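Structure record follows, encoded as structure tokens.
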Amino acid sequence: MPTNAPLNRKLRMGLVGGGQGAFIGRVHSIAATLDNRAELVAGALSSDPAKAMASAPDYDIKANRAYGSAKEMIEKELELPVGQRVDFVSVATPNHTHFDIAKAFAQAGFNVMCDKPLTFDLGQAEELAGIVKKTGVVFGVTHNYTGYPLVRQARDMVLSGELGEINAVRAFYIQGWLRTSLENDNQKQAAWRTDPKKSGAAGCFGDIATHAYNLARFISGLIPDQISCILKSFVEGRVLDDYGAAMIRFQNGALGTVTSSQISHGRENDLWIEVDGTKGALEWHQEEPNKMLLRVNGKPHQIYTRGGGPYLGATAAASTRIPAGHPEAFLEAFANVYTAAYDDMIKRAEGKPHEGTNTLYPNVADGVDGMNFITQCVASSAENGHWLSLKHPLCRK
């Protein structure tokens, strides 16, 4: 909601989801306010109005800004003077609710930060992208792993040509927490993630393989062309996949793989990526995020450290808050996604043009790209790994 005046204040945040018993909503609230550029002032914290109201004190949200639903939040916020309304909302709810919530706020003129995957299906994602383009709101998707300093360093090294032409990308996201049927024991996080009515067409691949795919796209800059995928559920009675592997052909001739599991014993949050170029190769692990390995044939392996010195580029340096050797990780990476989006939110508030497509933060086009990935993986697997197109007009470079 542009005012054409300098914005000399914190951005006002609203949170949808994150009520008592939730995980990711609290992460959003901490990350969004970490750099003191925003404050959480309003929330519709649960689909249960009573729980939503009861959860508000946990976030220091005042009673008059605690709402029983997203619909009420929009109506009441619009009744406030422009100078008091929330500037953006964070959507931290199960997949099947993202579209209606994000659509309603965007149409009302509010900026949106939405958890991934963007929507329940590809059609919804494409419609949402059209709404974002029409309204001009700033729209971010919290593929938070793009916020790690050394991930951004890797991206800059690839895009500057330091690794030469990229030949191969291997991305993995391996967990083990769904090795047993937790969904049958009323475990909340397991229940909705394994329910096709709430999670969508994919389970493991929709939940975490999308992160691995997005990381490959973010770092490599490669444009996908075709995909072949096999998905499988190994836990008896589970409808959606808990393991899968995809092969990707990129438009420059490079090959990529995405492997994802939620049934591998002892694996916690093991996201990692390897990138092979004609001049060198990179390797980065999310569980040890402050180190990145660079390999060049005939030379000693190099270890890049987050905050480690002048060899880091400007983007990685700007994404670092504390000196090397002091671990920075998940919450800070989330915050880096937010703070990059804030720059565009401020421009919009001041009536200035902002970049909605080729942004440092994942945007609505990346969300569509992720939904297209899920859709084509499921379709390919249904055809026993048949190669399908992964091209999409909104797929950004």
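The values are calculated or read from the model by the stated rules, or taken from the named source; none is laboratory data. This one's a predicted model, so the numbers in the text were calculated from it and none came from an experiment. So basically every Cβ, Gly included, is an ideal-geometry build from the backbone, and we count neighbours across all protein chains shown. These area figures cover heavy atoms from the full protein model, side chains too; ligands, DNA and RNA do not enter into them. Shrake-Rupley method; radii C 1.70, N 1.55, O 1.52, S 1.80 Å.
Brief remarks follow.
- Net charge dipole, region 333-390: roughly 120 debye, given to the nearest 20, about the Cα centre with Cβ charges of +1 for Lys and Arg and -1 for Asp and Glu.
- Shape category assigned to region 263-397 from the gyration tensor of Cα positions, a/c cut at 1.5: oblate
- Nitroxide proxy distance, nm - points 7 Å out along Cα→Cβ at GLU236 and LYS133: 5.0 nm
- Selected from THR97, THR180, THR146 as most flexible by GNM, with the chain as the system and alpha-carbon contacts under 10 Å: THR180
- Share of Cα-Cα pairs in region 21-179 lying beyond 22 Å, as whole percent: 51 percent
- Pairs of alpha carbons in region 283-347 whose separation is greater than 15 Å (percent): 59 percent
- Between the beta carbons of ASP100 and GLU39, assuming R0 = 30 Å, the FRET efficiency works out to 0.70 to the nearest 0.05.
- Legend note: in the chain, cysteines whose Cβ sits 4.7 Å or more from every other cysteine Cβ are CYS114, CYS204, CYS395.
- Difference of contour (0.36 nm per residue) and Cα-Cα distance, LEU7 to THR257: 85.6 nm
- What the chain shows is 42 Å² of accessible area per residue, with the surface traced by a 1.4 Å probe over protein heavy atoms.
- VAL378 accessible area, 1.4 Å probe, all protein chains in place, Å² to nearest 10: 40 Å²
- Rel. contact order, % - alpha carbon contacts under 8 angstrom, at least six apart, region 278-318: 27 percent
- Fraction of the pair-distance distribution of the chain above 39 Å, Cα-Cα pairs, percent: 15 percent
- Considering only GLY356, ALA245, GLY308, the residue lying farthest towards the positive end of the dipole of region 241-365 is GLY308, judged by Cα position with unit charges set on Cβ.
- Dividing the mean sequence gap of close Cα pairs (under 8 Å, 6+ apart) by how many residues region 104-173 holds gives a relative contact order of 30 percent.
- What you get for region 1-142, charging only the Cβ of Lys and Arg (+1) and of Asp and Glu (-1), is a dipole of about 340 debye around the Cα centre.
- Extension gain from ASN358 to ILE322, taking 0.36 nm per residue of separation minus the Cα-Cα distance: 10.2 nm
- Subset of LYS197/LYS391; LYS347/LYS391; LYS103/LYS134; LYS76/LYS197; LYS198/LYS232 violating a 21 Å alpha-carbon distance limit: LYS197/LYS391; LYS347/LYS391; LYS76/LYS197
- Portion, in percent, of the accessible area of region 255-397 that falls on carbon or sulfur, probe 1.4 Å: 55 percent
- For region 167-192 versus region 357-385, the gap between their alpha-carbon centres in whole angstrom: 19 Å
- Structural descriptor for region 1-104: relative contact order 32 percent, calculated from alpha carbon pairs under 8 angstrom and at least 6 residues apart.
- Extension gain for LYS71 to ASN167 (0.36 nm times residue separation, less C-alpha to C-alpha distance): 29.8 nm.
- The sum of -39500 (n - 2.57) across all DSSP H runs of n ≥ 4, divided by the residue count of the chain, sets its helix-only mean residue ellipticity at 222 nm to -9500 deg cm²/dmol.
- Net charge dipole size for region 27-81 [Lys, Arg +1 and Asp, Glu -1 on Cβ; Debye, nearest 20]: 40 debye
- Positive-end residue, the chain charge dipole about Cα centroid, Cβ charges, pick of SER389, LEU7, PRO49: LEU7
- Computed over region 316-364, the range of Cα coordinates on each principal axis works out to 41, 21, 16 Å, biggest value leading.
- Exposure ranking of ASP48, ASP185 by accessible area [1.4 Å probe, largest first]: ASP185, ASP48
- Among ILE30, ILE101, the order of accessible area from largest down is ILE30, ILE101, computed with a 1.4 Å probe on protein heavy atoms.
- Carbon plus sulfur fraction of accessible area for region 78-216, probe 1.4 Å, in percent: 50 percent
- Euclidean distance of C-alpha centroids, region 306-347 and region 50-73, integer Å: 31 Å
- Counting only protein heavy atoms and using a 1.4 Å probe, the accessible area of TRP272 comes to about 40 Å².
- Within the listed set PRO300, PRO149, PRO57, the residue fluctuating most in the Gaussian network model of the chain (springs between alpha-carbon atoms under 10 angstrom) is PRO300.
- A convex hull fitted around the alpha carbon atoms of region 158-223 yields 101 Å³ per residue.
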